[in-house]
Amino acid sequence: QVQLVESGGGLVQAGGSLRLSCAASENNFRMNAPGWDRQAPGNQRELVAAITSVGSTNYGNLVKDRFTISRDIVKNKVYLQMNSLKPEDTAVYYCNADLAPSGQRYGRYYWGQGTQVTVSL
């Protein structure tokens, strides 16, 4: 079964940067409207960023002006560049997207397993 696979998480000091990547596990699925959510212990899952097929972006209020979402349509990947990281950015980050099988316009929504981002003081 196709999956979304994230990478790039880790431990970083406050003020540092990380870049997350996400790709479908099978090449014959196209990402539609990919995005990133996050969830910290004891908190609800919240929107981090999303990007449409025409490149329009949407960001959560807490990450605006620090995070940038982008996508590579040829490589079928989505990225999250995180700058000026704060301890409150510590969370598990989940990639999500509609994965459309080859020849279909839409598929169903998937979430990745998540990648841990930890920001220390």
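The values are calculated or read from the model by the stated rules, or taken from the named source; none is laboratory data. Note that the structure is predicted; figures quoted are calculated from it, not measured. Positions of Cβ are generated from backbone atoms using ideal geometry, with glycine treated the same way; all protein chains shown enter the neighbour counts. All accessible areas refer to the heavy atoms of the entire protein, side chains included, with ligands and DNA or RNA removed. Shrake-Rupley method; radii C 1.70, N 1.55, O 1.52, S 1.80 Å.
Points to keep in mind about this one:
- FRET efficiency, 1/(1 + (r/R0)^6) with R0 22 Å, evaluated for Q113 and N61 via beta carbons: 0.25
- Extension gain, N83 to Q13, is 24.1 nm, computed as 0.36 nm per intervening residue step minus the present C-alpha separation.
- Only aspartates and glutamates eight or more places from K75 in sequence, or on another chain, were considered; those with a Cα closer than 12 Å are E26.
- When the convex hull of its Cα atoms is projected in every direction, mean area for the chain (nm²): 7.2 nm²
- Two-decimal Rg to Rh for region 59-118 - Kirkwood Rh, Cα set: 1.03
- Residue order by solvent-accessible surface for K64, K77 is K64, K77, largest first, with ligands and nucleic acids left out and a 1.4 Å probe.
- When you restrict to C-alpha pairs under 8 Å that are six or more residues apart and normalise by the size of the chain, the relative contact order lands at 35 percent.
- Accessible area of region 44-97 belonging to carbon and sulfur atoms, whole % at 1.4 Å probe: 48 percent
- Heavy atoms of R66 accessible to a 1.4 Å probe, total area in Å² rounded to 10: 30 Å²
- Accessible area per residue for the chain, computed on protein heavy atoms with a 1.4 Å probe, is 56 Å².
- 11 Å cut-off, amide nitrogen to a point 7 angstrom out along S120 Cα→Cβ, residues in region 11-44: 11-14
- Cut-off 15 Å between beta-carbons: net charge of the residues surrounding N96, Lys and Arg +1, Asp and Glu -1: +2
- The lysines whose alpha-carbon is closer than 29 Å to the alpha-carbon of K86, local same-chain residues fewer than 8 away aside, are K64, K77.
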